[in-house]
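Q: Can you keep this structure in mind? I'll have questions shortly.
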Amino acid sequence: MVDNGGFLIDGIPCSTYGVTLAYAPGQPFLPDTRDRTVEIPGRAGRYWFDSDLGPREFSLPCRFQDCATAAALDTLIRAFARVFVHVHGRPRMLSLEFDDSPGLSYMVRYNGQIPFDRAWVGCSEFTLELIAEDPYAYEPEDATTGNLTGNPETLIVTSTGNVETPAKICITNNGSAPIVGFTITTHYEVI
């Protein structure tokens, strides 16, 4: 087996369920695009208006390990299946985080079917199909705190994400004088 890390589902390592990645999953660099185009009679090609990213799909090649009996394997399978479906029998939204990208999580749900090959009791392989309707990975909220002591003064907030994200700004006046005027500037960085 290749040591390629694992993944967390809602913050719980896959190894808790007796699951490990069989090999590094091949994931597309970016999800498919949804293009808005129109073909105009008498004009070559198409006219492109705009595009958006479609959903991001994950195909995780997994295996159950360390099962001494078929009954133990069935117990692991049922426990892992319950993670993806809520009590009403519908797929649940869960966070997916890969060990080699800690802090970045996708909101995913079970998608399609899970073909299961019970090759032998000790190790059974399957492909876990998940989909993120929102194709972006998210980091935990990062707070920048600063003290504005001068008048005027500027506090610069820099985002490390690769998508423009509005800053949430909270101002607290701990002094006795009212805040007369201030400027807050945000910069976005593309990585």
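Values in this text are rule-based calculations from the coordinates and carry no lab data. If you're wondering where the values come from, they're calculated on a predicted model, not measured in any experiment. Using ideal geometry, Cβ is built from the backbone for each residue, glycine included, and neighbour counts are taken over all protein chains shown.
Q: Just to be sure I understand the model, the point goes 7 Å from the Cα along the line to the Cβ. What's the resulting D10 to R78 distance in nm?
A: The two pseudo-label positions are separated by 1.9 nm.
Q: Sticking with this one: Based on the Cβ-Cβ distance of M93 and R43, what FRET efficiency does E = 1/(1 + (r/R0)^6) give at R0 = 35 Å, to the nearest 0.05?
A: So the FRET efficiency works out to roughly 0.20.
Q: Gain in length, H86 to L53, computed as 0.36 nm per residue apart minus the alpha-carbon separation, to one decimal in nm?
A: Once the chain is fully extended between H86 and L53, it gains 9.1 nm.
Q: Between L30 and E129, what is the label-to-label distance in nm when each label sits 7 Å out along the Cα-to-Cβ direction?
A: If labels sit at L30 and E129, their model points lie 2.6 nm apart.
Q: What shape does the range 7-132 take by its C-alpha gyration tensor, where a ≥ b ≥ c are the square roots of the eigenvalues and a/c under 1.5 counts as rounded, a/b above b/c as prolate, and the rest as oblate?
A: Note, shape of the range 7-132 comes out prolate.
Q: Hey, another quick one. What number do you get for the range 8-65 when its Cα radius of gyration is normalised by 2.2 N^0.38 Å, N = residues?
A: 1.93
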